[in-house]
Amino acid sequence: MEKQNIECLFDNISAKYDIANFFTSLGLEKLWRKKFSKHINGNEKYILDACCGTGFSTFNIKNKIRAKDSRIFGIDFSEEMLEVARYRLAKINLNVKNVKNPDIEFIQGDVSSLDFENNYFDLITIVFGIRNVVDRKKALKEFLRVSKPGGRLIIMEFNFPEKPFFRKIYSFYMNRILINIGGIITKNKKAYQYLVNTIRNFPSVDSFLNLIKSTGWSDAEAEKLTFETCTIFSAVKK
């Protein structure tokens, strides 16, 4: 699917996107996000949450960061998704007596062509978004460029299980249940058909790990979760 069509698709389901992730994860998303958070040490000062969507992952990262002078940028290609994120940020600001929260900024952009200087970020994260990036290799190279030496990359993504038994069960769930439930909730069945296809067509864990390494990242590792339906990838810039 072309980049512009993908952007339009996500604009159309922005209000219900977090519910989509809940059903796609079989309700295990909360557990997976806790495991993801353990990869963040909390001392990072400059953080980029790529493919941030509605900001759900961005705010989870914010809760883990201890440095008061940290800056977190959430970037996504869908302006409608970002509007949801900014609305959530505004509600957070209201809860602290209208004091503007200066350390989170949501911007529209292409993760394959980032408007940030070299060697800037301590941490780059992507939660359930890398499979929607058209040119993943270019994006991974961009992440490397804008990361500081010692900076880390953490990606969490859905996977289609490789073991036949789990593959069969997950395939049935996605094709017969997820697409129909998602279509009812968002009134956009086509969007869920696309999401299912992105999971099915996403590279195997080993293949994606090799892609990360090929773009210059070091110490690349993968942590498989729940019968290989989700994986946390991590790497470091040397």
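The values are calculated or read from the model by the stated rules, or taken from the named source; none is laboratory data. Predicted, not measured: the structure shown is a model, and the values here were computed from it. Every residue, glycine as well, gets a Cβ built from its backbone with ideal geometry; the counts of neighbours run over all protein chains shown.
So is ILE184 surrounded by 15 or more Cβ atoms within 10 Å (Cβ to Cβ) and aliphatic (A, V, I, L, M) or not? No: the conditions fail for ILE184. Based on this model, can you work out whether ASN21 counts as under 18 Å from ASN188 (Cβ atoms) and at pLDDT below 90? Taking the combined requirement at face value, the residue satisfies it.
Mind telling me which of the residues PHE121, PHE116, PHE73, PHE56 ends up being of a type in the set (Phe, Trp, Tyr), over 21 Å from ASN159 (Cβ atoms) and under 15 Å from the mean Cα position of the chain (by Cα)?
Being of a type in the set (Phe, Trp, Tyr), over 21 Å from ASN159 (Cβ atoms) and under 15 Å from the mean Cα position of the chain (by Cα) holds for just one of PHE121, PHE116, PHE73, PHE56, which is PHE73.
Of all the numbered requirements in (1) at pLDDT 95 or above; (2) closer than 20 Å to PHE22 by Cβ; (3) more than 17 Å from the chain's Cα centre (by Cα); (4) not small (Gly, Ala, Ser), VAL127 misses one, and that requirement is (3). Within the range 166-200, restricting attention to residues that are among the hydroxyl-bearing types (Ser, Thr, Tyr) and more than 16 Å from PHE227 (Cβ to Cβ), the residue that is modelled with the lowest pLDDT is THR186. When the range 26-74 is limited to residues that are in contact with an Asp or Glu (Cβ under 7 Å, 6 or more places away or on another chain) and among the charged types (D, E, K, R), the one that is farthest from ALA90 (Cα to Cα) turns out to be GLU44.
If you go through the range 37-87 and keep only what is among the β-branched types (Val, Ile, Thr), crowded, with 23+ Cβ neighbours inside 10 Å and part of a loop (DSSP other than H, G, I, E, B), you end up with just THR54. For the criterion of being closer than 12 Å to SER234 by Cα and surrounded by fewer than 23 Cβ atoms within 10 Å (Cβ to Cβ), ARG152 passes. For the range 90-97, the criterion of being touching a strand residue (DSSP E or B) at 6+ places or on another chain (Cβ under 9 Å), at pLDDT below 90 and outside any loop (DSSP other than H, G, I, E, B) is satisfied by at least one residue. Report, by residue number, each residue of the range 121-138 that is outside any strand (DSSP E or B) and out of contact with any Phe, Trp or Tyr (no Cβ under 6 Å at 6 or more places or on another chain). Residues satisfying the conditions are PHE128, GLY129, ILE130, ASN132, VAL133, VAL134, ASP135, ARG136, LYS137, LYS138.
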